[in-house]
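Written below as structure tokens is the structure these notes are about.
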Amino acid sequence: MVLPSGLCVGLDPDLERLPAHLRQQPKAIEQFLTSIIHATRPHAAAFKINTAFFEQYGRAGLDALYAVRDAVGSSYCIIDAKRGDIGNTSAAYAKALFDDLQADAVTVAPYMGSDSIEPFLAYDNKLVYIIALTSNPGSADFQRLKVDGEPLYRRVMHTALGWKGAAQRGFVVGATHPEELAALRTAFPEVPFLIPGVGAQGGDPHVISAANQGGPALVNSSRGILYAGSGEDFANHAADVAKRLAVALAFSV
């Protein structure tokens, strides 16, 4: 499996932030994100669909989720669902995300251990991003705790690489931790990283590009691209920001 590296455009709809001319349309989310996808595709190595932002709108949101997945089409598609539960539940989650939504990659939470993740790893030619070190302030509550002298997030990474399964595995490493990112890239030079937090969360693309040292990575920006413009030309503004980010990240798409 050839894994893409470069800019990942996060698709996190917020009806209150949509351009006014779309906000009252019956398929506002679908229209907005389809325009974003078409405008940013030349600069994006992947798109990331965060399911929670669709689920909050009930059945209409779920309809939009499927429409947006169709709009992403053959572009590399990450379903950001952060699933992780006992084995049979995770097997059901994996089936929904990989078989139904046709995700190329998914995000999972490893707190419940190997049997909660192995149903995802059972899929061939897929990528499973395991949460390691995230961008939010609360990441310090658990992820940095020492286990036999090693930060928990590093223990998660070493352990997860040994779990059974055919799927490629990677890790979520937040863009707001460039020093840790650089150290992790040195320790895991060939492992794919999903790096959220560029833009609205404060991650600097130039700093992240340097810290990543050319390793396989998708660097995600959501709000900074989606809501770059609020008028009828919103898609052009999104494309401009995506292009600048792609250049700043020094990846060729």
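The values are calculated or read from the model by the stated rules, or taken from the named source; none is laboratory data. This structure is a prediction, so every number in the text was calculated from the model and none was measured. Neighbour counts are summed over all protein chains in view; Cβ atoms, including those assigned to glycine, are modelled from backbone coordinates with ideal geometry.
In summary, L65 fulfils each of the numbered conditions (1) under 15 Å from the mean Cα position of the chain (by Cα); (2) part of a helix (DSSP H, G or I); (3) not small (G, A, S) with the single exception of condition (1). Each residue in the stretch 209-218 was checked for being in contact with a helix residue (DSSP H, G or I) (Cβ under 6 Å, 6 or more places away or on another chain) and buried (at least 16 other Cβ atoms within 10 Å of the Cβ), and 3 pass.
Hey, which of the helices (runs of 4 or more DSSP H) in the stretch 20-62, taking only ones fully inside, have at least 1 residues that are modelled with pLDDT of 95 or more, under 24 Å from D240 (Cα atoms) and among the acidic types (D, E)? If you could, list the steps in order and put the result at the bottom.
Values: elements: 20-23, 28-40, 51-55.
Ranges flagged: 28-40.
To keep it simple, each residue is scored yes or no on (1) in a loop (DSSP other than H, G, I, E, B); (2) modelled with pLDDT under 95; (3) in contact with a Ser or Thr (Cβ under 8 Å, 6 or more places away or on another chain).
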{"residue": "V172", "(1), (2), (3)": "no, no, yes"}
{"residue": "L184", "(1), (2), (3)": "no, no, no"}
{"residue": "H206", "(1), (2), (3)": "no, yes, no"}
{"residue": "A210", "(1), (2), (3)": "no, yes, no"}
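Inside the stretch 72-90, residues that are in contact (Cβ under 8 Å) with a residue 40 or more places away in the chain, crowded, with 20+ Cβ neighbours inside 10 Å and either charged (D, E, K, R) or out of contact with any Phe, Trp or Tyr (no Cβ under 9 Å at 6 or more places or on another chain) (or both) make up a count of 1. For the stretch 149-201, filtering for residues that are surrounded by fewer than 19 Cβ atoms within 10 Å (Cβ to Cβ), basic (K, R) and touching a strand residue (DSSP E or B) at 6+ places or on another chain (Cβ under 9 Å) leaves 1.
For G224, the criteria (1) buried (at least 22 other Cβ atoms within 10 Å of the Cβ); (2) assigned to a helix (DSSP H, G or I); (3) under 17 Å from the mean Cα position of the chain (by Cα) hold in every case but one, which is (1). For the stretch 1-19, a residue qualifies if it is part of a helix (DSSP H, G or I) and either at pLDDT below 95 or more than 17 Å from T34 (Cα to Cα) (or both), and exactly one does: E16.
Looking only at residues of the stretch 152-165 that are free of Cβ contacts under 8 Å to residues at least 12 places away in the same chain and either touching a Phe, Trp or Tyr at 6+ places or on another chain (Cβ under 8 Å) or not in a helix (DSSP H, G or I) (or both), we find that the one that is farthest from P196 (Cα to Cα) is G162.
Considering only the stretch 68-98, state which residues are of a type in the set (S, T, N, Q) and assigned to a loop (DSSP other than H, G, I, E, B).
Of the residues in the stretch 68-98, the ones of a type in the set (S, T, N, Q) are 74-75, 88-90.
S74, S75 - these are the residues of the stretch 68-98 that are of a type in the set (S, T, N, Q) and assigned to a loop (DSSP other than H, G, I, E, B).
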